[in-house]
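See structure below.
The values are calculated or read from the model by the stated rules, or taken from the named source; none is laboratory data. Because the structure is predicted, anything quoted here is derived from the model rather than measured. For neighbour counting, all protein chains shown are included, and Cβ atoms are generated from backbone atoms with ideal geometry for every residue, glycine included. Surface areas here come from the heavy atoms of the whole protein model, side chains and all, with no ligands, DNA or RNA. Shrake-Rupley method; radii C 1.70, N 1.55, O 1.52, S 1.80 Å.
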Amino acid sequence: MSDQFEFPEFYSFPPFFTIQPNLTTREKQLGLWRELILGYHTNLKIKSLIVHDCPLWKNNAIGRELSHEDIKKVMIDFVKSGHGEWVDDANTRCRILWRKPEQLASDIYEWAEKNGYINSVCTVFELHSGEDVNGMSFEGADEELLRRALSILEQGGSCTIFKGDTSSEDGIKFF
């Protein structure tokens, strides 16, 4: 699968690939699927999941894979948890929210405080790809998600967004 992502032990447990009928067990299992999907995509900085082409659904090492019906159940639960949202009406592509917009807004403001950006201006590009954001939860985040987080900060009076010539040149002044 990937040399950059260490799969958890439960990924090698054959029953993990069959949604369990017992409600308590199923809830735990779906929680593990949420953890796996989010961890995999966050670790590898993958912004969306193509449902029919996701490598997580199949573990060749143990010869197991989720059925199409079980994939639907996992994805419905994942989106319902708030860590994903459908990009299309056919539910074939899901935007992965590495962090929820509210969490990202908090992370961005904390970064601005720690790095001296209060009463200063930076660009959306700097927030997304600048040197100061290495290792931050919003580094390389989906631009729409980043803008939603900034909108939360703006609505709370913590920043103002200024339009630039291009979207990546939009400025943010933190208060």
What is the helix-to-structure angle for 143-155, meaning the angle in degrees between its Cα long axis and the longest Cα principal axis of the chain, kept from 0 to 90 and rounded to the nearest 10?
-> 50
What is the chain's relative contact order, in percent, from Cα pairs under 8 angstrom and six or more apart in sequence?
-> 18
Sorted by chain and then number, the residues having a modelled amide H within less than 5 Å of the amide H of K47, at least 5 places away or on another chain, are none
Violations at 31 Å Cα threshold for listed pairs K58/K100; K58/K114; K58/K80; K80/K114; K73/K173; K73/K163 -> K58/K114; K80/K114; K73/K173; K73/K163
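For the chain, report the accessible area per residue in Å² (1.4 Å probe, heavy atoms, rounded to an integer). Mind showing how you got there, number by number?
Values: 9830 Å² over 175 residues.
Here the per-residue accessible area is 56 Å².
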Along the stretch 123-128, Karplus-curve 3J(HN,Hα) (6.51, -1.76, 1.60; θ = phi - 60°) to the nearest Hz, with x for Gly and Pro, reads 9, 4, 4, 4, 5, 7
For Rg/Rh (Cα atoms, Kirkwood Rh), with candidates [x] 1.05; [y] 1.11; [z] 0.99, the value calculated from the shown model is option [x]
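Magnitude of the Cβ-charge dipole of the stretch 14-127, K/R +1 and D/E -1, about the Cα centre, nearest 20 debye?
Working: 15 positive and 15 negative charges, 59 e Å.
Using Cβ point charges on Lys, Arg, Asp and Glu, the stretch 14-127 gives about 280 debye.
Using unit Cβ charges (K, R positive; D, E negative) and no other charged atoms, how large, in debye to the nearest 20, is the dipole of the stretch 122-172 about its Cα centre?
Working: 3 positive and 11 negative charges, 50 e Å.
My answer is approximately 240 debye.
Tell me, what % of the accessible area of the chain is carbon and sulfur with a 1.4 angstrom probe?
Values: 4760 of 9830 Å².
Ligands and nucleic acids excluded, carbon and sulfur reach 48 percent.
Going from most exposed to least, what order do L104, L38, L23 have by accessible area with a 1.4 Å probe?
Working: L104 0, L38 35, L23 105 Å².
Output order, biggest surface exposure first: L23, L38, L104.
If DNA, RNA and ligands are ignored and the probe is 1.4 Å, what is the ranking of F17, F162, F125 by accessible area, most exposed first?
On the way: F17 5, F162 95, F125 115 Å².
In descending accessible area the options line up as F125, F162, F17.
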Taking the stretch 83-175, which trypsin sites (Lys or Arg not before Pro) meet the DSSP loop condition and have no more than 12 other C-beta atoms within 10 Å?
-> K163
Obtain the nm distance between the two label points defined at E9 and V121 by a simple spin-label model: each point lies 7 Å from its Cα along the Cα-to-C-beta direction.
-> 5.4
How about K72: which aspartates and glutamates have a C-alpha closer than 20 Å to its C-alpha, ignoring those fewer than 8 places off in the same chain?
-> E27, E35, D53, E85, D88, D89
Residue by residue through the stretch 103-109, the couplings from Karplus 6.51 cos²θ - 1.76 cosθ + 1.60 with θ = phi - 60°, in Hz, x for Gly and Pro, are 5, 5, 4, 4, 4, 5, 5
Got a number for the accessible area of K58? Probe 1.4 Å, square angstrom, nearest 10.
-> 90
